[in-house]
Structure formats: structure tokens, C-alpha cells
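First comes the structure, then the notes that go with it.
The values are calculated or read from the model by the stated rules, or taken from the named source; none is laboratory data. The shown structure was predicted, so the numbers you read here are calculated from the model rather than taken from an experiment. Note: accessible area is taken over every heavy atom of the protein model, side chains too, but ligands, DNA and RNA are not part of it. Shrake-Rupley method; radii C 1.70, N 1.55, O 1.52, S 1.80 Å.
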Amino acid sequence: MSNKILVLGANGNVGQALVPLLLARGEQVKAASRSGKAVAGAEGVVFDYTRPETFAAAFDGVDRAYVMLPTGYVNVCALLLPVIEAAAARRVKVVLQSVLGVDADDAIPYRKVEIALEKSGTPHVILRPNWFADNFHTFWKAGIDHGSIALPAAGGKSSFIDVRDIAASAAAALGSARFDGRAFNLTGPEALGYAEAAALLSRVLGKPVEYQAIDDAAFIAALTGAGVAQDYGAFLASIFHPVREGWTAVLSPDVETLTGEPPRSLETYACDHAPALGGSQV
Ligand SMILES: NC(=O)c1ccc[n+]([C@@H]2O[C@H](COP(=O)([O-])OP(=O)(O)OC[C@H]3O[C@@H](n4cnc5c(N)ncnc54)[C@H](OP(=O)(O)O)[C@@H]3O)[C@@H](O)[C@H]2O)c1
């Protein structure tokens, strides 16, 4: 009988938070990664988006799957559409991690994947998270260490979402059929500009952190100088356009609809991650 949940990206930001939540709910989990190592007590399985020959073993015994694309890939449709097809062919329910705002235009690659899933006939839930709060202790950590977060966000605000709230939303969507066929926008409880976020981090961490608004060219140059591929740097710069336009300031009730709990604030995120953020008051 198929009653396992396949979690793609199980070693990643969302996956590491999601796997223990599913295990705590008594679910059987197959934790997918390129190495196939076990994650947090869940059975490990080899899965590689770029190697479709790994899909069959990963989907074996599975009735639900958390599908996401790891950071660093720009070929969204080429990598995700075959996974959606493989899931739908087995009538596996897909909870898809998409991106806030992609429903603005059907030509956006992530929206194309959403549409393919909607048309596939397999049960599904779409989750569209806003910018992760957790980017501050990953992508923007080097800037925090130097006291300056430099981004092409101008004065745009974002309702940053804590990865733990994405994971809790995913666990709810995977654990019940109540939300099937729907899409949910996952945001934090407040919209903050990067200057406000930097001030908050400075206060919580007990050290100076400022925000420096830069243009796309300076941002891409900084990223490529740090070893990021040119096309991914350009992609990252492009996704600050919605921030500058104010589109990422939206507040959604959907985390609470899914989980029964309000989403965590950026302050809660910062306090809980102070060691990872390099705080001096920890
Ligand atoms: N960061 C944000 O602000 C934000 C906002 C909205 C949406 N998103 C979306 O969220 C996604 C990233 O989520 P995340 O941060 O949880 O993921 P992640 O941590 O970047 O990646 C998850 C895991 O995927 C695995 N992986 C990498 N390449 C793989 C491959 N070829 N085949 C199979 N597994 C592979 C890696 O583990 P192994 O090395 O062990 O295989 C990695 O730990 C992106 O698609 C992004 O568009 C991000």
C-alpha cells in the first residue's frame, strides 16, 4: 500500500523543517536528496532533478509528495515539469512549493508549472511563499557580518516568512485533503523594508547592521564576485523588481488558515536564529 510522503529537497531550508514535522504527525517519510542519506530519522532516497532515472525509485510506495526546486536553478520548467508528470502518472498528490506573485502572469515559468499541475488531474495544493526570513542567515549573512546588507530593493517592503511556517503549512497541506485544489499565499504578519529589517536585526543581535540600496548591476557584480553564476545572479536581481514595486508587501491570512497558528514575526525569527545570524548577545 502507498502511504508514504516523498519530500524533495529534504536537506534544504524548508525540507529540514518539514521532515521532523511529518514524522511527529506519524507519517512515513522518504527524504530525497542527491546523496540519498537519511534525514532526521526518515528513510533516505536518491533523487536528482537532472536525472529522471532516479524518479521511479523515489516515488515507489508514495501517495503524496512535497515538490520544490532547489536554489540556484533557473530552468524551472525543464526541471519541475517532468517531476509533476511522474507524480501525476502515479496519481501521487503534489504539494508544490511555488513563489508568491507568479499567478500575475501565465508566462512566468513557475506559473506554467502550477498550471501543468492544475491540469494534471492529480490531487494538489500550491503554496506560494514570500521572501524567506531565513535568507538573512544564509544569502545575506556575509553582509550582516560586515554590518551592511546591500540589495536592489530600494524602499520596497516584504512580508518575510519564517521557513518554519512554510514547513508547518506544507505539513498541513500534506496531512489533509481539506485544502486540495487550492493555492495559498504564505506571508509573515508584517511588511518591512530592508532598512527596517536591518534596524531590527541590529537591535536583536546587538551590533550595527545597515541597509544599503544598490542597483541591479552592483548587486550582480557582488554576487558573481562571490562565486554565484552570472545567470543566477541576474535572476536574483530580477526578482527584486516586485519588491521595488511594493508587490511583496502583501499580507495573507493563509498560514493561519492552513496551520491554525499565525505566522512568526521577523523579530521572532531573528531572536530564534541569533546564533546563526552572528549575534553578540547570544
Ligand atoms: N529564498 C527565498 O526567499 C524564496 C522565496 C520564495 C520561494 N523560494 C523558492 O524556494 C526554493 C528553495 O527552497 P529551499 O531554500 O528550501 O531549498 P534549498 O535549501 O536551496 O535546496 C534544497 C535541497 O535540494 C537539494 N538539491 C540541490 N540540487 C538538487 C538536484 N539536482 N536534485 C535533487 N536535489 C537537489 C540539496 O540537497 P542535496 O545536496 O542533499 O541533494 C538542497 O539541500 C526555490 O525554488 C525558490 O524559488 C525561495
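Points worth noting:
- Gaussian network model of the chain, Cα within-10 Å springs - most flexible of A78, A226, A17: A226
- For the chain, the longest principal axis of the C-alpha atoms and the axis of helix 194-205 are separated by about 90°.
- For the stretch 213-282 versus the stretch 149-172, the gap between their alpha-carbon centres in whole angstrom: 6
- Accessible surface computed residue by residue for the stretch 179-277, with neighbouring protein chains in place and a 1.4 Å probe, gives 47 Å² per residue.
- With all protein chains modelled, accessible area of K37 [1.4 Å, Å²]: 140
- For the chain: relative contact order, % (alpha-carbon pairs under 8 angstrom, 6 or more apart): 17
- When a 1.4 Å probe is rolled over the protein heavy atoms, the share of accessible surface on the stretch 4-129 that falls to carbon and sulfur comes to 51 percent.
- Counting only alpha carbon atoms, the long axis of helix 76-89 and the longest principal axis of the chain meet at about 30°.
- Pairs with C-alpha atoms separated by more than 32 Å, drawn from the list K119/K141; K157/K207; K30/K207; K93/K141, are K119/K141; K30/K207; K93/K141.
- Shape call, the chain: gyration tensor on alpha carbons, a/c limit 1.5: prolate
- Taking the helices alone, the chain has a mean residue ellipticity at 222 nm of -11000 deg cm²/dmol, built from -39,500 (n - 2.57) per DSSP H run of at least 4 residues and averaged over all its residues.
- A Gaussian network model of the chain, with springs between Cα atoms under 10 Å, assigns the largest mean-square fluctuation among S98, S202, S169 to S202.
- Accessible surface comparison of L223, L186, probe 1.4 Å, protein chains only, largest first: the order is L223, L186.
- Most mobile of A65, A87, A237 in a GNM of the chain (Cα contacts under 10 Å): A237
- Whole-angstrom gap from the stretch 37-70 to the stretch 103-124, using each part's C-alpha centre: 21
- The residues of the stretch 4-129 have, on average, 41 Å² of accessible surface per residue, using a 1.4 Å probe with all protein chains present.
- C-alpha long axis of helix 13-24 to longest principal axis of the chain, angle in °: 50
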